[in-house]
Every structure is written in C-alpha cells, then in structure tokens.
Amino acid sequence: MITPTADVSVRSAWAQDSAAIADIQVRAWRQNFAAILPDDVLAALPEERFQQQWHSSIARPGDARQRVLVALERATVRGFAATAPGTDSDADPVTDAEVAEVVVDPAYVGLGHGSRLLHAAVDTMRSDRFERASMWLHVSDDRLREFLSKQGWEPDGAHRELDLHGDGAVLAKQVRVHTDLRSGD
C-alpha cells in the first residue's frame, strides 16, 4: 500500500513571496515574543515595511551569498529562512555565515518545515563555501535552542543585549549558537 505524502519543499524565495514572508514573520513574532516584548511593540510590528524590506532583500540582495529560502506546502509559503555572510565583529565574511531568521508559520510548527528550512540553509551556505554558521536567539527560547541542538548547533559563548527602543526600556538578551559547515552529512 502506498501512503500519500504531503507536497512539501524548500526553494529560493521569489520577490512575490515577500507578502507571505512578512505575514508569517509578524504572526510568529507576536506569538514567540509575547512573553518577552511589550504588547504595544508587538501590536505595532510594521508588516508593510517588513514586506518592502523582504522584497528588496530578495530582488536586490546586497551580496550574492545573501539568501532567502521559503518552505512550501503545495504552493503556499509556510516558513522562511534568511542567510548571509557573517556580520558579527568576530566573523570572517569569507568563511563565516549567519542565519538571520528561521521562522515557521505558527499554525504549521512541528510538521517538518523548520527542519527542511534549516537543512536547506545549511546546504546553501555550504555551496557558498562557508565553513561556519552562527545564529542569534533569545536567551529564553528553549524550544528553538533544543531544535538547533538536535541539528548540531551549539552555544559558542557569545551573548549580547539589544536595546530595542534605544532608551533601555526594552532589552532583548540573546545568545549565539554555531555549527561547523565543513562536516557535511
């Protein structure tokens, strides 16, 4: 007996995906950061500006190794990932990459979209000849940290605090995780 499988995939994002990416980003951030950020910050997330930024990033990336990937279920975007050369002060932009985001539509978490996105991002960074990848995550995001740990990502000791308003009122504490891209699966 043949069991039908879902029509799921990951591909490079197209500029016309920017609205779906922004929508998922806003809904995911509102859910994922509800215990971290004030309600007024979450309510004011600028979806239209996010859409414009994603469109620009996809249509005219600042670097040929800057990538946006989307997870699809049939033709519907269910998540996205963004990678680029590393920008941290201790990163070498030739050998170090960063994953800026891995976000799955909150209604579709746990269905494999995140794993497919992360694996495709790693494959893409390897094909761009990066040797190491890093990602920043909120210190309290145990779910994401556990997911990444199972995929071979580990803390590297770096941490930072982002001042979201520039006045010290809303601080976001983050830790950095990394993985070695040279050991291919």
### Query
Got a sec? Which of ILE58, ILE21 is surrounded by 14 or more Cβ atoms within 10 Å (Cβ to Cβ), within 15 Å of the chain's Cα centre (by Cα), modelled with pLDDT of 95 or more and under 25 Å from SER140 (Cα atoms)?
ILE21
### Message
Among the residues that make up segment 38-46, is at least one of them farther than 20 Å from VAL175 by Cα, acidic (Asp, Glu) and part of a helix (DSSP H, G or I)?
### Response
yes
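Could you look through segment 166-181, keep only residues that are in a loop (DSSP other than H, G, I, E, B) and touching a strand residue (DSSP E or B) at 6+ places or on another chain (Cβ under 9 Å), and pick out the one that is surrounded by the most Cβ atoms within 10 Å (Cβ to Cβ)? Spell out the reasoning first.
If we filter segment 166-181 for residues that are in a loop (DSSP other than H, G, I, E, B), which is where we start, we get 166-170, 181.
Subsequent filtering for residues that are touching a strand residue (DSSP E or B) at 6+ places or on another chain (Cβ under 9 Å) retains 169-170, 181.
Values: ALA169: 10, VAL170: 15, LEU181: 20.
So, considering only residues that are in a loop (DSSP other than H, G, I, E, B) and touching a strand residue (DSSP E or B) at 6+ places or on another chain (Cβ under 9 Å), the one surrounded by the most Cβ atoms within 10 Å (Cβ to Cβ) is LEU181.
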### Query
If ASP7 passes every condition in (1) touching a residue at least 60 places away in the same chain (Cβ under 8 Å); (2) surrounded by fewer than 19 Cβ atoms within 10 Å (Cβ to Cβ); (3) closer than 30 Å to HIS165 by Cβ but one, which one does it miss?
(3)
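The values are calculated or read from the model by the stated rules, or taken from the named source; none is laboratory data. This is a predicted model, so every value here is computed, not measured. Cβ: placed from backbone, ideal geometry, glycine included. Neighbour counts: every protein chain shown.
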